[in-house]
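Note sheet for the following structure.
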Amino acid sequence: MGVFAEYGVSNRLTLQLKADWQDGEDAFLDYSGRGPIEIGATWQVWRDDRNAVSLYGGYTQAGEGRNAGYAAPGVGDHDWEARVSVGRSLGEMGERWGMDGAFVELQAARRLRDGLPDETRIDATAGARISEDWMVLGQAFGGAADGSARWLSLEASLVRDFGDWSLQAGWRQTVAGREAAIARGPVVALWRRF
């Protein structure tokens, strides 16, 4: 169970907080406890009518749960992350396919870890509104730890808006990897805009 919060300080600067509680088991052990807590800031570097580029910097304090999908619970101390995001609205192309507000986004990150190998991550998202209150999302989360683990997970989900609230439901599954956990299961998220 996790919490993710963003606060727009200005039109270009956003503060971010991520935290979770983990209760899991695998073939070797059971674990339960606070997961990592991450704080960071995103700066929108450039934007026009269809494109946006932003930079993110964040710090993560490790928890008692899994601090990396390929490491034992509790391993790791703290991390620093730098991330660049590039997004593009598909505009008229999406509308021709009957999808309003269609977009794609690509993110690349470098995570410097204390107590674990440093990582390079690539995340991609494609989404579109299929009606006024419904949105469909397809996401890919890939990464590689220096000299060890590799992983790729795919996620598909639907988002239903209810005014300021949104409910997201979908499925995430590891589809490839090396020295990484094979995970699969439902994803459920509840979002509130203030």
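In this structure, the amide hydrogen of N67, modeled 1.01 Å from its nitrogen in the peptide plane, lies closer than 5 angstrom to those of G74, V75, counting only residues at least 5 positions away or on a different chain. Each Lys or Arg adds one and each Asp or Glu subtracts one; over the other residues with Cβ under 11 Å from the Cβ of D77, this totals -1. Applying the Karplus relation 6.51 cos²θ - 1.76 cosθ + 1.60 with θ = phi - 60° to the range 145-160 yields 3J(HN,Hα) values of 8, 3, x, 8, 5, 9, 7, 8, 10, 10, 9, 10, 8, 10, 10, 10 Hz, where x marks Gly and Pro. Between the listed residues G163, Q61, M135, the Cα displaced farthest toward the positive end of the dipole of the chain, a dipole computed from Cβ unit charges relative to the Cα centre, is found at M135.
Just the number please: accessible area per residue for the chain, 1.4 Å probe, all protein chains included, in Å².
Working: 11840 Å² over 194 residues.
About 61 Å² of surface per residue is accessible.
Per atom type, the chain shows carbon and sulfur on 59% of its accessible surface, probed at 1.4 Å. Taking amide H as placed 1.01 Å from N in the peptide plane, R172 has its amide H under 5 Å from the amide H of G185, V187, each at least 5 places away in sequence or on another chain. Overall, the range 1-151 carries a charge dipole of about 480 debye about its Cα centre when +1 sits on the Cβ of Lys and Arg and -1 on the Cβ of Asp and Glu, all other atoms neutral.
Quick check on the chain: helices-only [θ] at 222 nm, where DSSP H runs of length 4 and up contribute -39,500 (n - 2.57) each and the sum goes over total residues. Nearest 500, please. Don't skip to the end; give the middle numbers.
Numbers: 1 runs with 6 residues, N = 194.
Result for the chain, helices only: -500 deg cm²/dmol.
Provide the net charge surrounding L29, with neighbours chosen by a C-beta distance below 15 Å and charges set as Lys +1, Arg +1, Asp -1, Glu -1. Write down the numbers at each step before the final one.
Numbers: positive: R66; negative: D23, E25, D26, D30, E64.
Its environment carries a net charge of -4.
Computed over neighbours whose Cβ is under 14 Å from that of N67, the net charge equals -4, Lys and Arg +1, Asp and Glu -1. Using the Karplus relation 6.51 cos²θ - 1.76 cosθ + 1.60 with θ = phi - 60°, the per-residue 3J(HN,Hα) values for the range 182-194 come to 8, 10, 7, x, x, 10, 10, 9, 10, 10, 10, 9, 10 Hz, with x marking Gly and Pro.
Going from most exposed to least, what order do R113, R150 have by accessible area with a 1.4 Å probe? Don't skip to the answer; put the middle values down first.
Values: R113 25, R150 90 Å².
Most to least solvent-accessible, the answer reads R150, R113.
Couplings 3J(HN,Hα) of the range 71-83, computed from phi: 10, 5, x, x, 7, x, 10, 8, 9, 10, 10, 10, 9 Hz, in residue order, whole Hz [Karplus 6.51 cos²θ - 1.76 cosθ + 1.60, θ = phi - 60°; x for Gly and Pro].
The values are calculated or read from the model by the stated rules, or taken from the named source; none is laboratory data. These figures come from a predicted structure and were not determined experimentally. Don't worry about glycine lacking a Cβ; one is built from the backbone with ideal geometry, like all the others, and counts go over all protein chains shown. These area figures cover heavy atoms from the full protein model, side chains too; ligands, DNA and RNA do not enter into them. Shrake-Rupley method; radii C 1.70, N 1.55, O 1.52, S 1.80 Å.
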